[in-house]
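This report refers to the structure that appears directly beneath it.
The values are calculated or read from the model by the stated rules, or taken from the named source; none is laboratory data. The shown structure was predicted, so the numbers you read here are calculated from the model rather than taken from an experiment. Here Cβ is always computed from backbone atoms with ideal geometry, including for glycine, and neighbour counts include all displayed protein chains.
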Ligand code: NAD
């Protein structure tokens with residue numbers, strides 16, 4: 001059926017353009033039932049957690065070609081009302097945290113994007129999977145590897161896809177550097193530097209509450225340097241070492257890391273040297289060094305535009321809102337089985353959680369932790 005759709009698209013035709021009856025013998029069983037299956041069907045998404053990032057994703061989805069915001073899950077009725085108005089969301093697609101399991105009876109929602117605090121991701125993602133809907137979950141996918149594994153297993157058991165909101169995997173300049181690395185243009189890679197940090201404000205926010213955050217800067221922003229090292233170098237780390245600095249134990253309580261410097265060793269001989277912090281601004285930089293060339297990106301993971309250059313010159317790809325591209329690409333992954341350049345599935349998220357566990361262990365035990 002996919003081949004048939006691609007053929008029709010290539011020919012610039014749809015079943016309607018061909019003037020075929022929905023019951024034509026030229027069409028397959030599914031196509032007879034639903035003529036729209038011949039066209040680009042959108043991924044119909046409900047957002048769970050209408051906070052700051054959920055709002056950004058919703059705005060970005062206005063420009064999507066394959067993904068459509070059709071529903072919401074929120075504990076705040078006034079937010080639901082405002083979103084219904086803004087995004088034309090019917091009442092039958094609105095849920096709260098007590099009722100969202102009923103989404104299983106809603107044929108008009110394909111996937112739920114979980115954008116709640118980190119400590120709730122596991123519960124919410126598994127709840128969505130058990131309701132038979134595909135799960136898109138924000139990073140970090142959970143607060144440790146064991147929770148992340150439970151989520152992967154639950155989604156597999158429910159027969160739904162699990163994707164993690166790694167928007168950088170779809171960003172054009174980032175992809176250009178990854179493709180250059182894949183083509184061997186940097187030569188043997190021996191060094192990566194990742195700097196991720198900002199000064200966090202309000203001490204009462206959930207990001208500084210261990211129960212809801214699962215940690216501190218590492219969970220929130222350090223994960224970009226971990227994930228970035230992996231996609232820039234193109235290997236999985238075999239060891240980590242890490243050192244923590246805490247200057248403000250009042251604000252950064254037990255379990256909430258303020259600043260961690262960490263190093264990761266890769267099988268090909270590369271070392272990544274990274275900084276994760278909630279106490280310094282101007283830290284959003286990747287530097288990749290190979291024997292034949294380099295890539296430098298700053299900013300490297302912010303909302304953009306990303307700025308970068310390699311030994312060949314500046315990266316010039318036009319800026320597109322990251323979340324718009326991400327949601328269209330995720331629609332293609334879920335609906336068409338498209339394979340992304342860099343994975344965004346649950347296993348990919350789990351790899352980062354295993355590394356975060358090891359970094360915390362390295363800090364606690366003051367020694368090198370092996371990952372093999
Ligand atoms: P936020 O505080 O602005 O929003 C969180 C939402 O969750 C709120 O609407 C809140 O009402 C809701 N919520 C539900 N149950 C809650 C509870 N028990 N306690 C607190 N809030 C509860 O946070 P945010 O910045 O939108 O972050 C949400 C998630 O998105 C986090 O996992 C974060 O890491 C991720 N995020 C990702 C990116 C990215 O670029 N990929 C950027 C920002 C945030």
Going through (1) closer than 26 Å to residue 343 by Cα; (2) away from the ligand (no atom under 16 Å from the Cβ); (3) in contact (Cβ under 8 Å) with a residue 60 or more places away in the chain one by one, residue 244 fails only at (1)
When every residue in region 247-276 that is within 16 Å of the ligand (Cβ to nearest atom) and in contact (Cβ under 8 Å) with a residue 60 or more places away in the chain is compared, the one surrounded by the fewest Cβ atoms within 10 Å (Cβ to Cβ) is 257
Over region 298-318, the set of residues within 16 Å of the ligand (Cβ to nearest atom) and touching a helix residue (DSSP H, G or I) at 6+ places or on another chain (Cβ under 8 Å) is 300, 301, 303, 304, 306
Scan the strands (runs of 3 or more DSSP E) fully inside region 120-223 and keep the ones with 2 or more residues being more than 16 Å from the ligand (Cβ to nearest atom).
-> 189-197
Restricting region 330-347 to residues that are within 16 Å of the ligand (Cβ to nearest atom) and surrounded by 21 or more Cβ atoms within 10 Å (Cβ to Cβ), which is farthest from residue 229 (Cα to Cα)?
-> 330
Do we have residue 365 as over 20 Å from the mean Cα position of the chain (by Cα) and surrounded by 16 or more Cβ atoms within 10 Å (Cβ to Cβ) here?
-> no
Restricting attention to region 85-102, the residues that are crowded, with 16+ Cβ neighbours inside 10 Å and part of a helix (DSSP H, G or I) number exactly 3
Is one or more of the residues making up region 327-339 modelled with pLDDT under 95 and under 22 Å from the mean Cα position of the chain (by Cα)?
-> no
